[in-house]
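After the structure tokens below, expect a handful of questions from me.
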Amino acid sequence: MKGVLTLIFVLAVACYSSQAQQLEKLELEDIASSSNFRIADHQKDKALVLIFTTNDCPYAKLYEDRIIQLQKQFSDKGITFALVNPHADQSEGESLTQIQSKINQKNITFSYLTDPSQLLTKALKATKVPEAFVLTPSPTGFGIAYHGAIDNNPQAPNSVTKKHLEIALNQILKKENPIPNFVRAIGCTIKVHN
């Protein structure tokens, strides 16, 4: 039995290391800055927040202003935010021109990444829009410190009683592990293509 547990532990560590290395190698187009965004360039950040979004998802629209506010709140604390569109240039309403129009309309001043091949989407196993992933750097690569819902009330920002993402980020700033580290995201399902 001890041997089986050791084997499971070794496989889990190998899988985690493989995922961390896979994330490190990813490079996505940042439409907001017209440049490439490399996750490996964020090793010195306290955290990298990736939030999956689309133009057309009603839940994503409900969260746009809250995400922009969170980015402003944490931008000077060593935490980088980036939006990730897994449907960019792949479905109606998600053309690069339409995404650029959204960036201009909402005055988004941070990274907006396209993931048309869904490499990042699949690496993180993202399933919903919006869904947040908080990555923290370590000597072996990035680990997922928190993922899931932004808060507990998509429809009514004024009725939010649990700000899950904000709580997790504040815990990271205090050098604590976020608890909980996962809260199920509610939103539109990401259409994964091959």
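The values are calculated or read from the model by the stated rules, or taken from the named source; none is laboratory data. Computed from a predicted model, the values in this text were never measured in an experiment. Neighbour counts are summed over all protein chains in view; Cβ atoms, including those assigned to glycine, are modelled from backbone coordinates with ideal geometry.
Scan region 169-194 residue by residue and report those that are buried (at least 17 other Cβ atoms within 10 Å of the Cβ), in contact with a Pro (Cβ under 9 Å, 6 or more places away or on another chain) and farther than 16 Å from residue 69 by Cβ.
171, 172, 185, 187, 188, 190, listed by residue number.
Which residue is farthest from residue 134 (Cα to Cα), if the candidates are limited to region 69-121 and must be in contact with a Pro (Cβ under 6 Å, 6 or more places away or on another chain) and of a type in the set (S, T, N, Q)?
The qualifying residue farthest from residue 134 (Cα to Cα) is 90.
Residue 191 fails exactly one of the following numbered conditions: (1) without any contact (Cβ under 8 Å) to a residue 60 or more places away in the chain; (2) farther than 25 Å from residue 76 by Cβ. What is the number of that condition?
With (1) without any contact (Cβ under 8 Å) to a residue 60 or more places away in the chain; (2) farther than 25 Å from residue 76 by Cβ applied to residue 191, the lone miss is (1).
Next question. So which residues in region 91-137 are of a type in the set (Gly, Ala, Ser) and in contact (Cβ under 8 Å) with a residue 40 or more places away in the chain?
Across region 91-137, the qualifying residues are 91, 111, 123, 126, 132.
When you go through 82, 88, 40 one by one, which is the residue that is among the small types (Gly, Ala, Ser) and under 25 Å from residue 153 (Cβ atoms)? I'd like the intermediate steps shown before the answer.
Numbers: 88 fails: under 25 Å from residue 153 (Cβ atoms); 40 fails: under 25 Å from residue 153 (Cβ atoms).
Within the list 82, 88, 40, the selection yields 82.
Pick out the one residue from 185, 145 that is without any contact (Cβ under 8 Å) to a residue 60 or more places away in the chain and hydrophobic (A, V, I, L, M, F, W, C).
185
Show the residue pairs meeting these rules: Cβ distance below 6 Å; 6+ apart or different chains; first residue within region 56-83 and closer than 11 Å to residue 150 by Cβ and in contact (Cβ under 8 Å) with a residue 24 or more places away in the chain; second residue buried (at least 17 other Cβ atoms within 10 Å of the Cβ) and hydroxyl-bearing (Ser, Thr, Tyr).
60/53; 60/54
Sticking with this structure for a sec: Out of all the residues in region 30-41, is one or more more than 28 Å from residue 186 (Cβ to Cβ), modelled with pLDDT of 90 or more, polar (S, T, N, Q) and in contact with a Phe, Trp or Tyr (Cβ under 9 Å, 6 or more places away or on another chain)?
yes
Yes or no: residue 23 at pLDDT 80 or above and in contact with a Gly (Cβ under 9 Å, 6 or more places away or on another chain)?
It is true that residue 23 is at pLDDT 80 or above and in contact with a Gly (Cβ under 9 Å, 6 or more places away or on another chain).
Residues are listed down the side, and each one gets a yes or a no for (1) within 17 Å of residue 58 (Cα to Cα); (2) over 11 Å from the mean Cα position of the chain (by Cα):
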residue: 88; (1), (2): yes, yes
residue: 93; (1), (2): yes, yes
residue: 98; (1), (2): yes, yes
residue: 104; (1), (2): no, yes
residue: 107; (1), (2): no, yes
residue: 118; (1), (2): no, yes
residue: 121; (1), (2): no, no
